[in-house]
Amino acid sequence: MTADAFRISLGDLREGTVVDRPNRFVAIVLLDGKEVRCHVADSGRLKELIFPGNRVMVRDVGEGRERAGAGKAMPPRKTSFDLVLAAAPPSCGSRGRAMEAPCSERFERGRADRGGTTWVSVDTRYPTKLFGQVLRARGVPDFAEYDVVRAEYSLRGYERKDGDTSATGSPDEGSAGEGLVDGKKPGAQAPEADRVRKEPTSRFDFYLEGPGVAPALVEVKSVTLCVNGKGLFPDAPTARGARHVRELAGAVSAGYRAYVVFIAQRDDIQTVSPNPRTDPKFAAALAEATGAGVRLLAYRCKVTPKEIVFDPTLLPVIL
């Protein structure tokens, strides 16, 4: 990694121990002898990370919140902490058949030979924020040609009244997501009176433009599951993820570049692959999208209780 690495500071985190995870979005954590409810931003299974007895790092977010820039109080949260990091027991990712044992047993076996803790971020918001930094700074070669980066691009289809399909041009700052894509190259535009707007399909993480290159759509996926050095996505079925990659394939046929970028929120991952055992539909959709021209990239991060640092070294994506 370079000296000017892209990073996100995690602020003031406190260490606790998992007691329970009553639902996807809540974990009960023992913190300074008291049980507290923590919000879990990752809705995946996370069985190898959030289980009773495992070490985690949490952030106190308080009871009250204000709307950014408005000074108006928002409804109080039901949780006053965010669960940010979880320790990855060494035996969970590096010992083959040890993965078959319950996570709590693997954790206990890993205590004795744990030299350094591998921390894993379980907040799915960080990869998109990090990669936004990378894109805007042209920090990796694959995207160096793009000088316009817009977040949260909504892919919309338009259907002509006579049954033909058409597409609008690229969105401006005030209308990101108003353009694209059924059947024609970017830039083709039908008169407003001849179009019947359909509901937006998916909202992608980034839309990119650059001189002399086709516009691009980028979808970022957070990887937390590691088995023997292999990062697997997803760790729970994701119909939304499969829909994203199918629609990216459609964007390629309309003249766009399209990317799925996997970002491992841990530094012990060497390769990234789909997880057909958990979600065969996503794995199949990803293979089809790749055949249609969707490009797959993967990176990892160094995660500590102080910060998450992006590593620009490409990892192999193995289908």
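The values are calculated or read from the model by the stated rules, or taken from the named source; none is laboratory data. Remember, it's a predicted structure, so these values are computed and weren't measured experimentally. Neighbour counts run over all protein chains shown; Cβ positions are idealised from the backbone, glycine included.
Here are a few things to note about the model shown:
- The set of residues from segment 220-233 being out of contact with any strand residue (DSSP E or B) (no Cβ under 9 Å at 6 or more places or on another chain) and outside any strand (DSSP E or B) comprises just one member, Asn228.
- Any hit, segment 226-246, residues being in the same structural domain as Pro305 (by TED's automatic domain parsing), of a type in the set (D, E, K, R), at pLDDT below 50 and out of contact with any Cys (no Cβ under 7 Å at 6 or more places or on another chain): no
- The residues of segment 266-295 that are over 22 Å from Ala88 (Cα atoms) and among the basic types (Lys, Arg), listed by number, are Lys281, Arg295.
- In the set Ala287, Ala249, only one residue is over 16 Å from the mean Cα position of the chain (by Cα), outside any strand (DSSP E or B), without any contact (Cβ under 8 Å) to a residue 40 or more places away in the chain and surrounded by fewer than 23 Cβ atoms within 10 Å (Cβ to Cβ); that residue is Ala287.
- Output for segment 19-44, where each listed residue is β-branched (Val, Ile, Thr) and either at pLDDT below 95 or closer than 14 Å to Asp82 by Cα (or both): Val26, Ile28, Val29, Val36, Val40
- Checklist (1) out of contact with any strand residue (DSSP E or B) (no Cβ under 6 Å at 6 or more places or on another chain); (2) touching a residue at least 12 places away in the same chain (Cβ under 8 Å); (3) not aromatic (Phe, Trp, Tyr) applied to Ala298, failing item: (1)
- For segment 243-263, the set of residues classified as of a type outside the set (A, V, I, L, M, F, W, C) and closer than 11 Å to Val218 by Cα consists of His244, Tyr256, Arg257, Tyr259, listed by residue number.
- Filtered residue count, segment 137-155, keeping only those that are under 25 Å from Arg246 (Cβ atoms) and more than 19 Å from the chain's Cα centre (by Cα): 1
- Qualifying residue in segment 198-219 (condition: in a loop (DSSP other than H, G, I, E, B) and at pLDDT 90 or above): yes
- Residue within segment 267-274 that is in a strand (DSSP E or B), hydrophobic (A, V, I, L, M, F, W, C), modelled with pLDDT of 95 or more and within 13 Å of the chain's Cα centre (by Cα) present: no
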